[in-house]
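These notes concern the structure reproduced below.
No value in this document is a laboratory result; all are computed from the given coordinates. As the structure is a computational prediction, the values presented were derived from the model and not from experiment. Note that each Cβ is placed from the backbone with ideal geometry, even for glycine, and that neighbours are counted across all protein chains shown.
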Ligand code: PGA
């Protein structure tokens, strides 16, 4: 039986847009999608604002019944307690966050997050009913030394060992050298690693879980290259950074089925 994986286009705003800017942005995005007859059945859209914006964006999505999902950019591995500055998955769930990004390479680098912490955060997300978007990816040096897939596979294995096979999760393959560089992986490179990641899921969590799990590509995704990635069988969406901050560009990425000829 062929499983249909609804593509997910996820906008990772990183540390951009305060809560007032976020409201204006989400309103414009919703208008743009509506103008272009966006259908949530074909492509799912999620935005990942900074923590301080979440309540404002949640209220807007609920009040105007916008066809957008909400996610956070990180969470604590703990439920509550003496962890100054951290945010519990329970709080995110209360804000109707559906997703949470975990293990982004910027957190791995800026906050020295090791695979074990990424796994603990993933477990916390699942526990609180959030869908983790677990990021894995190799640096240019890793790729030159070991090839592209080795490090992402190792990072993924640690996470898969920590969670049960019936957990709902999304994987984002983000080569570190492609993030914010303007030099994306080629669609073939992305497909190759995403296929290996799917095999890794199959080995740990079974074929059925592997076939139903969405694997995104991230790293310099734009409206001009998204179609090429989305044509590949193992790429089920994109985690978009810079281009998710431009309404027209992000809206065009969401509408990739309309411009498949652009790549
Ligand atoms: P980019 O970022 O699209 O700006 O390369 C992607 C990401 O970091 O998730």
Next item on the list: Measure out, as a whole number of angstrom, how far apart the alpha-carbon centroids of the range 17-92 and the range 104-179 sit.
Entry: 22 Å
Margin query: From the mean inverse distance of alpha carbon pairs (Kirkwood) and the Cα radius of gyration, derive Rg over Rh for the range 63-165.
Written below: 1.03
Notebook entry, point to check: By per-residue mean of other Cβ atoms within 10 Å, what is the highest-first order of 200-213, 231-244?
Noted result: 231-244, 200-213
Next item on the list: Mind giving me the FRET efficiency for residue 16 and residue 204? R0 is 41 Å, r the Cβ-Cβ distance, nearest 0.05 is fine.
Entry: 0.75
Notebook entry, point to check: How big is the C-alpha Rg of the range 190-234 next to the rule-of-thumb value 2.2 N^0.38 Å, as a ratio?
Noted result: 1.24
Check: Along each of its three principal axes, how wide is the spread of alpha-carbon positions in the range 184-263, in whole angstrom units, largest first?
Finding: 40, 22, 20
Notebook entry, point to check: Of 142, 37, 79, which is the most mobile in a GNM of the chain whose springs link Cα atoms less than 10 angstrom apart?
Noted result: 37
Item checked: Gaussian network model of the chain, Cα within-10 Å springs - most flexible of 75, 130, 20 -> 20
Margin query: Counting pairwise Cα distances across the range 103-155, what percent come out greater than 15 angstrom?
Written below: 50 percent
Next item on the list: Give the peptides 4-13, 82-91, 116-125 in descending order of average Cβ contacts within 10 Å, highest first.
Entry: 116-125, 4-13, 82-91
Checklist line | Largest-first principal axis extents of the Cα set of the range 75-126 (Å) | finding: 29, 25, 16
Notebook entry, point to check: Can you pull the Rg over Rh of the chain, Cα-only, Kirkwood?
Noted result: 0.94
Notebook entry, point to check: Which ordering of 15, 230 is given by a fewest-first count of other beta-carbon atoms within 10 Å?
Noted result: 15, 230
Check: Most mobile of 76, 220, 164 per a Gaussian network model of the chain (Cα springs, under 10 Å)?
Finding: 164
Checklist line | Exposure proxy ranking, count of Cβ atoms within 10 Å, fewest first, for 174, 141 | finding: 141, 174
Note to self: Let me check I have the definition right: for the range 115-263, take the eigenvalues of the Cα gyration tensor, multiply each by 5, take square roots. What are those semi-axes in whole Å, largest first?
What the structure shows: 25, 17, 15
Check: So what are the range 1-100's ellipsoid semi-axes, whole angstrom, largest first, if each one is the square root of 5 times an eigenvalue of the alpha-carbon gyration tensor?
Finding: 25, 18, 11
Note to self: From Cα pairs below 8 angstrom and at least 6 apart in sequence, can you work out the relative contact order of the chain, rounded to a whole percent?
What the structure shows: 20 percent
Check: Can you give the FRET efficiency for residue 144 and residue 188, using 1/(1 + (r/R0)^6), R0 = 30 Å, r = Cβ-Cβ distance, to the nearest 0.05?
Finding: 0.95
Checklist line | Rg/Rh ratio calculated on Cα atoms of the range 123-193 (Kirkwood radius) | finding: 1.03
